[in-house]
């Protein structure tokens, strides 16, 4: 149909995304990093973050090489190269993003001495480096490999490579950041009664490092994985629906390109006034991206698709039907964000109700938070169900894949908005530790408050996109495995369902336990330093920040192995021991249970966090009150919920799907 050059165009757009990211990075690095104290603090955070990434990736090299060799000999060299490319691209995105965001923190602090808009510009452009790198490398990797090997099935291991790195990045990063955060909060804020980001707290640098390895590298790897998996699964479905290579595959690359271009354009419109709400500026970027993507997608489907196409099942596909499915994905994007904001924002009733319960102690804080988290699962499920039904009604299975692709096509701006948060948070910490004028901290606090909301919304986006990605992967698996229907009355299918549903619970338990172990070590170290280093509390003695950074790093690397292997080995065991229908059952059980668990844990944790912040604003007694102490306990429990187990479940769901695509042709009925 004359669109054979689509993969090449997608490659060019991917390169353009990386070029714009490079321009943003250069602009950020031109900004002043402030005085010597600010530079010293920023360098400590940067060195800690990069040291963690180096150790994490070195630990994963043997794992990656083993899978590379297995694919090389068991499948073919193209699949092995695709896997290695996916792993390398995911790692590269993490390095690039972390390198800039950890350099941007002091520059944001210095910019905050001038104006709110300048501070927003520096922190957002730093986040955009990560966002555009994720989307650019994802589109470039998939389109480039497709041009080389001309087969979506051959390159599906690219998504598995991305999934493997993302799983460990999410689990390891989550363990790191929460070990530091819990240690800093419980000993510093509760026991010693010193403020957050106080330089006397030995865990404060580790806590700032953790913000980056969790919310920047972790989220970036998570959505890079979703991007790659959704694109490739969609291309597999498109190949099947359109009965061969062609427009069914190219359209997914075209939508990805339109989404990336829209993210680039919208990123230039993120700006705010001195007395305005920075949230509105970020919303302009998000809404602008969705509107531009919808407009571009409308043009694409009418240009690329025939007026009517009859599938083997008899469904008539039309450009308007496919566009409706695309809009479904974009609407899910917006609705999931609004729902997440409702249940987690400190300006909304759920978090405020948790804050009110703090007046009767920590137990009622925990009960209220659990209730909010459980209640928050219903609306996202209904949203996904409605979108799935509408997309299927409009364009069948192809429509579901298109809805997922539309949602992920906006990943560039979503990751940018999420990565802005840790930069703003670190900027506030540096302002506090460098003892800058109170007006600077007031400006950074405005950005940090917005960053907390955007982080929660981005987690909601990641979870929602994981659900749609899993549905696309599930259909792609059925195509490759030759399964028309899965019989839930079959005993092996039922076993698979139960194993899949149980896996998120076991996986979450290991992740939570890992945070507990690491936090125990961190708390012991902080107490030791308060006890043994003279003059810390008086400000005359210097804490040993490096010791706390090392504790978090070692714990994260050590504890991420078991959950990671559990996610990789379970689908292999079920598939080869019980067969393809059992693995299909496992994918179904794992997807549904994992999605619900992820929503519950992320939203409960976010609500606990913002309930504490609501009290810190002066409500219910304010900082130092008994209600505040109770809320800190809730926030401490919520930390591994929202930043370790909850987000890691996204990666678990997708690892199950991507590894199933690879082994599907080898499974027996």
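Values in this text are rule-based calculations from the coordinates and carry no lab data. This structure is a prediction, so every number in the text was calculated from the model and none was measured. Reconstructed Cβ throughout: ideal geometry from the backbone, glycine too, with neighbour counts over all protein chains shown.
Would you say residue 73 is farther than 19 Å from residue 141 by Cβ, over 27 Å from the mean Cα position of the chain (by Cα) and loosely packed, with under 15 Cβ neighbours inside 10 Å? Can you show your working first?
Numbers: farther than 19 Å from residue 141 by Cβ: yes; over 27 Å from the mean Cα position of the chain (by Cα): yes; loosely packed, with under 15 Cβ neighbours inside 10 Å: yes.
It is true that residue 73 is farther than 19 Å from residue 141 by Cβ, over 27 Å from the mean Cα position of the chain (by Cα) and loosely packed, with under 15 Cβ neighbours inside 10 Å.
For the structure I just gave you, tell me whether residue 525 is surrounded by fewer than 24 Cβ atoms within 10 Å (Cβ to Cβ), within 28 Å of residue 410 (Cβ to Cβ), in contact (Cβ under 8 Å) with a residue 40 or more places away in the chain and over 23 Å from the mean Cα position of the chain (by Cα).
On the way: surrounded by fewer than 24 Cβ atoms within 10 Å (Cβ to Cβ): yes; within 28 Å of residue 410 (Cβ to Cβ): no; in contact (Cβ under 8 Å) with a residue 40 or more places away in the chain: yes; over 23 Å from the mean Cα position of the chain (by Cα): yes.
No: the conditions fail for residue 525.
Could you list, in sequence order, all residues of segment 486-498 that are closer than 16 Å to residue 587 by Cβ and in a loop (DSSP other than H, G, I, E, B)?
The initial filter retains those residues of segment 486-498 that are closer than 16 Å to residue 587 by Cβ, namely 486-488, 490, 492-498.
Matches in segment 486-498: 486, 487, 488, 490.
So which residues in segment 23-45 are closer than 30 Å to residue 141 by Cβ and touching a residue at least 24 places away in the same chain (Cβ under 8 Å), if there are any at all? Even if it seems obvious, please write down each step before you answer.
Residues of segment 23-45 that are closer than 30 Å to residue 141 by Cβ, as a first pass: 23-30, 45.
Within segment 23-45, 24, 25, 27, 28, 29, 45 meet the criteria.
Just one of 83, 68 is assigned to a helix (DSSP H, G or I) and without any contact (Cβ under 8 Å) to a residue 40 or more places away in the chain; which is it? Give the derivation first.
Values: 83 fails: without any contact (Cβ under 8 Å) to a residue 40 or more places away in the chain.
When all the criteria are applied, what remains is 68.
For segment 257-308, how many residues are surrounded by fewer than 19 Cβ atoms within 10 Å (Cβ to Cβ) and not in a helix (DSSP H, G or I)?
Count: 11.
Just to check your reading of the model, which residue among 501, 518, 573 is closer than 30 Å to residue 474 by Cα, touching a residue at least 12 places away in the same chain (Cβ under 8 Å) and not in a loop (DSSP other than H, G, I, E, B)?
Working: 518 fails: closer than 30 Å to residue 474 by Cα; 573 fails: touching a residue at least 12 places away in the same chain (Cβ under 8 Å).
Only one candidate qualifies: 501.
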